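> Below you'll find the structure I mean.
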2 protein chains.
Amino acid sequence: MSQYDNPNVEVQGRASYLVTEGLENQSDVRQNTDGSRRYERYILDRVVDFLGRPAIRFELWDGFGVNGQEGVTLVGTVRIKTRDAFNKLLSDVHVGLGDEYSAGRIVVDGDLVDVLTETFAHLDQQSGRFGWIQKVFRRKRKMNTIAGSKQNIFHHYDLNNDFYALWLDREMQYTCAYFADDHFSLEDAQLAKMDHICRKLQLKPGDRVAEAGSGWGGLARHMALYYSVHVTSFNISQEQVSFSRERAAREGYSDRVDYVEDDYRTLTGEYDAFVSVGMLEHVGQEGFNELGRVINRCLTPNGRGLIHSIGRNRPANMNAWIEKRIFPGAYPPALSEMMDIFQPNSLSIADVENLRLHYARTLEHWLHRFEKSVDTVESMFDPVFVRLWRLYLSGSIAAFLSGNLQLFQVLFNRERDNSVAWTRDHIYPKN
Amino acid sequence: MSQYDNPNVEVQGRASYLVTEGLENQSDVRQNTDGSRRYERYILDRVVDFLGRPAIRFELWDGFGVNGQEGVTLVGTVRIKTRDAFNKLLSDVHVGLGDEYSAGRIVVDGDLVDVLTETFAHLDQQSGRFGWIQKVFRRKRKMNTIAGSKQNIFHHYDLNNDFYALWLDREMQYTCAYFADDHFSLEDAQLAKMDHICRKLQLKPGDRVAEAGSGWGGLARHMALYYSVHVTSFNISQEQVSFSRERAAREGYSDRVDYVEDDYRTLTGEYDAFVSVGMLEHVGQEGFNELGRVINRCLTPNGRGLIHSIGRNRPANMNAWIEKRIFPGAYPPALSEMMDIFQPNSLSIADVENLRLHYARTLEHWLHRFEKSVDTVESMFDPVFVRLWRLYLSGSIAAFLSGNLQLFQVLFNRERDNSVAWTRDHIYPKN
């Protein structure tokens with residue numbers, strides 16, 4: 001299964017700067033010559049306190065610093081290089097940190113992932129204590145309408161196929177891999193992820209599969225080629241659909257996969273399996289019941305479904321910076337929220353698996369590959385984009401390592417279906 | 001693993017009639033000599049309509065009948081033998097059906113399980129249509145206080161150890177078995193269930209295990225003997241605790257299992273694993289957060305937990321007759337409701353498995369064994385009890401077969417724990 005083409009992408013993508021719009025470049029960074037004032041030093045200490053006093057040193061532009069903990073080895077130092085950056089951090093900690101780091105006005109000495117993991121681990125204890133505040137002030141999210149979804153998805157996934165090809169695996173899987181064996185490479189683990197899903201869905205030759213969100217078409221391709229099924233795969237990212245179709249034509253499986261450039265909500269017909277990998281995060285909870293209705297409308301009486309999604313241990317806001325700069329409209333749901341897909345639509349949960357640590361490792365591979373290609377990325381975009389993407393990947397590793405984010409695979413079927421598998425032995429073949 | 005003692009129970013139990021209190025015996029059945037009236041015939045047709053017109057014939061005492069469907073093979077006939085039974089059915093369909101069947105004033109021609117499964121399958125479609133009514137009129141349940149729980153559990157589990165020994169397996173497992181292989185006997189499947197749980201929990205020799213709800217002590221015994229762990233097992237049923245302790249003393253593992261006659265909420269100490277099988281149904285949703293707090297208080301940083309419970313695909317009332325006659329205070333929760341245990345208490349879901357069909361088969365074994373010992377049961381109790389228990393077991397089979405009830409095994413751990421298993425391979429050994 002490792003006879004794959006050269007990963008070089010033939011589609012010409014626009015080198016889009018969308019995600020860095022409004023962010024200034026490092027050239028604007030001027031060291032503030034004023035020393036920090038007494039009240040600023042006091043406020044810094046309060047901020048470190050608010051962060052739960054992680055084992056990190058925080059320094060202002062004049063070298064004044066506060067250690068989150070004393071008498072322990074510090075994980076690293078966060079240096080706030082200008083008064084302006086400090087003020088932005090104070091007005092919105094998440095967006096301020098992200099934007100000022102991207103702009104180069106906040107820098108981190110030490111391993112970025114370690115510093116972020118330490119921060120997240122302490123922050124989350126806070127959200128436990130102040131959970132009720134979060135509940136009251138939960139941001140009102142905008143409904144992901146069909147038009148709005150298209151705009152949100154365009155923002156991220158149409159960025160540039162060449163860029164993603166630099167650091168994703170050959171199958172361009174931009175979702176959590178499955179490290180079935182500890183020694184697996186990223187390539188192995190992405191193939192194992194697809195097989196894991198196909199086994200859970202018990203695909204049989206000739207099955208009709210509906211996919212919501214195809215990415216660059218890798219799972220549909222894998223299902224068609226190795227499980228002899230027919231896949232109808234929905235995606236609203238034009239660049240990804242073009243990419244997927246060209247590859248299918250070139251490799252000769254266009255008759256077995258329809259890559260449809262449309263919203264999954266327009267899905268019609270009847271399918272033996274429904275699959276969605278890494279799409280639910282972009283639906284938003286207010287769309288869950290409708291997603292369940294679409295599935296209920298299209299699944300055969302004995303059909304199986306699988307949703308693979310980033311999730312949470314409890315409802316919480318998306319990190320504001322990630323939502324603003326990386327994934328507009330995204331929301332990783334708690335399992336209790338995810339149940340809105342199934343409970344009102346006569347669907348029954350068969351199996352839930354949490355692959356949190358697999359996503360941390362997947363992201364570690366991505367970050368490593370990204371850093372190896374960092375000069376190419378900088379020539380495609382600019383240094384601000386490089387730092388922004390580095391923070392996004394590192395922060396995501398930290399979120400999965402600290403248990404802030406989860407990865408759930410949820411397998412389901414119709415509640416009347418007594419043809420369901422009795423055990424999960426078929427997922428774990430003996431040979 | 002099949003070297004087990006004679007299952008005969010030495011403990012002398014009271015032959016309690018608690019569950020049939022207030023039910024009259026069949027001797028009270030008098031055929032109503034009046035013919036059915038026009039409005040009664042009309043109402044019967046409305047009732048059959050309300051039931052979703054299952055493929056069942058419903059007959060009044062004078063032989064007047066309504067077929068739920070025409071032109072299909074009917075599954076059976078429900079005969080309402082007196083006007084009084086009909087009136088009780090109308091005033092409360094669930095309690096009326098259960099009580100009048102137990103009293104022998106409603107009888108079923110045909111296979112009872114088939115008739116009930118057909119009824120449940122149609123009823124549930126109704127609850128879909130009228131779900132909003134259920135929401136509005138959801139019965140206000142009483143909180144299961146420690147005193148209240150004791151009374152509720154006494155009602156059912158202290159019935160009579162000898163009685164349960166007649167139709168349960170040798171290990172007296174009164175919970176869903178695991179038919180890992182299609183040819184498993186009930187004995188095999190109950191042992192496989194215990195091993196399945198122990199594997200999921202990754203028990204290591206020397207682990208300290210806390211169990212909430214020990215039943216007749218079988219799982220604690222199995223864990224202690226075959227996994228070399230120490231189990232502290234809570235149970236508020238005095239008869240079950242006496243039984244468990246005597247067996248442990250007789251078989252020489254008292255040093256490895258503490259059977260504690262107390263409420264699980266009094267649990268203290270620190271444990272490597274928490275397990276609860278068939279107890280959550282008796283907790284009630286209002287007690288879920290507290291259960292999670294107890295677990296959070298007692299689990300080591302790398303501890304694993306498993307809750308095995310009857311559940312639902314969506315929130316719904318317990319069948320009123322079952323709650324009145326069989327399990328006072330019981331409530332099988334939807335997964336979304338079950339999350340109240342984990343979400344507020346820093347616990348993370350690792351794995352959920354739905355074993356619905358396994359419970360249907362377990363109950364089929366129980367019903368078969370019960371019927372084989374029916375004369376003994378009747379001599380222990382009376383004919384009303386026999387019919388009541390037959391209806392309870394048959395109705396439970398129907399509920400699991402129709403997808404009305406589910407059986408969830410939920411595995412969880414602390415959300416900061418990165419020592420969790422990466423895959424589920426250990427549950428499915430290769431040899």
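The values are calculated or read from the model by the stated rules, or taken from the named source; none is laboratory data. Predicted model only: the values in this text are computed from it and were never measured. Quick reminder, even Gly has a Cβ in these numbers, built from the backbone with ideal geometry, and neighbours come from all protein chains shown.
> Here is a list of conditions, (1) touching a His at 6+ places or on another chain (Cβ under 8 Å); (2) free of Cβ contacts under 8 Å to residues at least 40 places away in the same chain; (3) not charged (D, E, K, R), and A:Phe184 meets all of them except one; can you say which number that is?
(1)
> Which one of the conditions (1) aromatic (Phe, Trp, Tyr); (2) modelled with pLDDT under 95; (3) not in a helix (DSSP H, G or I) does A:Phe179 fail to meet, given that it meets all the rest?
(2)
> On to the next question. Here are A:Val72, A:Val108: which of them is without any contact (Cβ under 8 Å) to a residue 40 or more places away in the chain and either closer than 15 Å to A:Arg390 by Cβ or among the small types (Gly, Ala, Ser) (or both)?
A:Val108
> Still on this model: Looking at the range B:87-96, which of the residues that are more than 18 Å from B:Arg57 (Cβ to Cβ) and out of contact with any Asp or Glu (no Cβ under 6 Å at 6 or more places or on another chain) is surrounded by the most Cβ atoms within 10 Å (Cβ to Cβ)?
Filtering the range B:87-96 for residues that are more than 18 Å from B:Arg57 (Cβ to Cβ) and out of contact with any Asp or Glu (no Cβ under 6 Å at 6 or more places or on another chain), the one surrounded by the most Cβ atoms within 10 Å (Cβ to Cβ) comes out as B:Gly96.
> OK, next. From the list A:Ser402, A:Ser394, pick out the single residue that is of a type in the set (Ser, Thr, Tyr), in the same structural domain as A:Asn302 (by TED's automatic domain parsing), in contact with a Ser or Thr (Cβ under 6 Å, 6 or more places away or on another chain) and farther than 30 Å from B:Ala398 by Cα.
A:Ser402
> Let me ask you something else. Looking at the range B:252-272 only, could you name the residues that are more than 14 Å from B:Phe234 (Cβ to Cβ) and not charged (D, E, K, R)?
The answer is B:Gly252, B:Tyr253, B:Ser254.
> Of the residues A:Tyr174, A:Tyr227, which single one is assigned by TED's automatic domain parsing to the domain that holds A:Phe274 and either among the β-branched types (Val, Ile, Thr) or within 19 Å of the chain's Cα centre (by Cα) (or both)?
One residue alone meets the criteria, A:Tyr174.
> Does B:Val66 satisfy the criteria of being in contact with a Leu (Cβ under 9 Å, 6 or more places away or on another chain) and assigned to a strand (DSSP E or B)?
Against the criterion (in contact with a Leu (Cβ under 9 Å, 6 or more places away or on another chain) and assigned to a strand (DSSP E or B)), B:Val66 qualifies.
> Taking the condition within 24 Å of A:Arg390 (Cα to Cα), outside any helix (DSSP H, G or I) and within 28 Å of the chain's Cα centre (by Cα), does A:Val95 pass?
So A:Val95 fails the test.
> Right, next: Quick test of your reading of the structure: A:Tyr331 fulfils all but one of (1) touching a Lys or Arg at 6+ places or on another chain (Cβ under 8 Å); (2) farther than 30 Å from A:Trp167 by Cα. Name the failing condition by number.
(2)
> Also: Scan A:Asp84, A:Asp99 and give me the residue that is in the same structural domain as A:His122 (by TED's automatic domain parsing) and surrounded by fewer than 21 Cβ atoms within 10 Å (Cβ to Cβ).
A:Asp84
> Which of (1) within 19 Å of A:Phe288 (Cβ to Cβ); (2) polar (S, T, N, Q); (3) without any contact (Cβ under 8 Å) to a residue 60 or more places away in the chain is the odd one out, the single condition A:Ser379 does not satisfy?
The single condition A:Ser379 does not satisfy is (1).
> Test B:Phe86 against the criterion of being at pLDDT 90 or above and farther than 23 Å from B:Lys324 by Cα, and give yes or no.
Criteria not met by B:Phe86.
> Yes or no: the range B:289-304 includes at least one residue that is in contact with a Ser or Thr (Cβ under 9 Å, 6 or more places away or on another chain) and part of a strand (DSSP E or B).
Looking through the range B:289-304, at least one residue is in contact with a Ser or Thr (Cβ under 9 Å, 6 or more places away or on another chain) and part of a strand (DSSP E or B).
> Then there is this: Considering only residues that are surrounded by fewer than 20 Cβ atoms within 10 Å (Cβ to Cβ) and modelled with pLDDT of 60 or more, which ones fall in the range B:153-164?
Once the filter is applied, which keeps residues that are surrounded by fewer than 20 Cβ atoms within 10 Å (Cβ to Cβ) and modelled with pLDDT of 60 or more, the range B:153-164 yields only B:Asp162.
> If you go through the range A:354-369 one residue at a time, do you hit one that is among the charged types (D, E, K, R), buried (at least 20 other Cβ atoms within 10 Å of the Cβ) and touching a residue at least 24 places away in the same chain (Cβ under 8 Å)?
Yes, the range A:354-369 has at least one match.
> Listed residues A:Asp188, A:Asp114; which is modelled with pLDDT of 95 or more and outside the structural domain of A:Arg41 (by TED's automatic domain parsing)?
It is A:Asp188.
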